[in-house]
1. Of the residues Leu160, Leu145, Leu262, which exhibits the maximal mean-square fluctuation in a Gaussian network model of the chain defined by a 10 Å Cα contact cut-off?
2. DSSP loop (so not H, G, I, E, B), at most 10 other Cβ within 10 Å: list which GluC sites (Glu not before Pro) in the range 181-245 pass both filters.
3. For Ser142 paired with Ile212, estimate the spin-label separation in nm (one decimal), with each label point 7 Å from Cα along the Cα-to-Cβ line.
4. Please identify, among Thr244, Thr198, Thr78, the residue showing maximal mean-square fluctuation in a Gaussian network model of the chain using a 10 angstrom Cα cutoff.
5. Of Leu202, Leu163, Leu256, which has the largest mean-square fluctuation in a 10 Å C-alpha GNM of the chain?
6. Hand me the trypsin sites (Lys or Arg not before Pro) from the range 247-292 located in a DSSP loop with no more than 10 other Cβ atoms within 10 Å, in residue order please.
7. Would you please give the FRET efficiency between Ala268 and Trp174, computed as 1/(1 + (r/R0)^6) with r the Cβ-Cβ distance and R0 = 22 Å, to the nearest 0.05?
8. Just from its helices, what would the mean residue ellipticity at 222 nm be for the chain, if runs of 4 or more DSSP H residues each count -39500 (n - 2.57) and the sum is divided by every residue, rounded to the nearest 500 deg cm²/dmol?
Amino acid sequence: MTTKTDSQPSALRRHLPILTWLPKYQRAWLRIDLIAGLTIAALLVPEGMAYAELAGMPPETIFYAAPAALLLYAIFGTSRQLVIVVSSVQAVMSYSIVSELAPAGTSEFIVLTSALAITVGFVAILAGLLRLGRIAQFFSASVLLGFMSGLAVLVAVNELPKLFGVESDGENVWQRLYDLIIHLPETHRLTLLLGLSTIVLLVLLERYFHRIPAALVAMVFGIVVSSVFNLSEFGVHVVGEIPTGLVPPKLPHITLDQWLSLIPGALALSLVVFAEAVAPARSFATKYRYSI
């Protein structure tokens, strides 16, 4: 009788880790946690808006995805150091998967991207229920490093046209890079100056002022400069007005064939999501002597 009573709370805490740490939470920690939360939000919003565009989604997407992810990780997550952040790797992969099924920028593309995110979530939940986390021991560090490096090159080449203020097209990295080079004479100098200034600011802050949220400062810098000098009138592309309010959640209206076509990409993306998180999570857990 006692064993059964003890095992039920234990099983519940295993599936809802928040029940383990929340009762032990101390009021003295609240101030520091509020500062940490504001810092993470300050970093997450500008980066999320940028990575949403990498994925071919409207910049306001971050305001739908981030709150749910942060709250759910607080309930189900067990790492004491990791936080939910956006990922350029996942954004680029999402874009490449969905762009094969619908033209970027269309409403169908946005709906399919939402469906892909849901599918990846179901794959991750299923993998967790089947205890497939053990496959992490078969990940090769060199393969993951090569994969991440390749995607970093892809992200850089895709974003360079925006830095120079030109249009670039192509089906692969080399075609995009060639198209960028032949359009370099059309470079918008003011856009390039603003972009390079922001990059320099980010590098200097990251190197010499570690406690300052560099992404937030860079975003504020861009907003102030754009507002004071009204850069949009000089041809500098700006994000523009963000729609206010929240649209109520609903399932994407797509066909069964479209759901099935997303599964291969969702399997690959869920594996990358897991691979990006498991290594640092285990490293922190080993260092601070707890289990995840």
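Just so you know, all these numbers are worked out from the coordinates, no wet-lab data involved. Everything numeric in this text was worked out from a predicted model, so none of it was measured. Note that each Cβ is placed from the backbone with ideal geometry, even for glycine, and that neighbours are counted across all protein chains shown.
1. Result: Leu145 has the largest fluctuation of those listed.
2. Glu241
3. 4.2
4. Thr244
5. Sorting by GNM fluctuation, first place goes to Leu256.
6. For trypsin sites (Lys or Arg not before Pro) across the range 247-292 that sit outside H, G, I, E and B with at most 10 neighbouring Cβ atoms in 10 Å, the list reads Lys250, Arg289.
7. Using R0 = 22 Å, I get an efficiency of 0.45.
8. -22500 deg cm²/dmol
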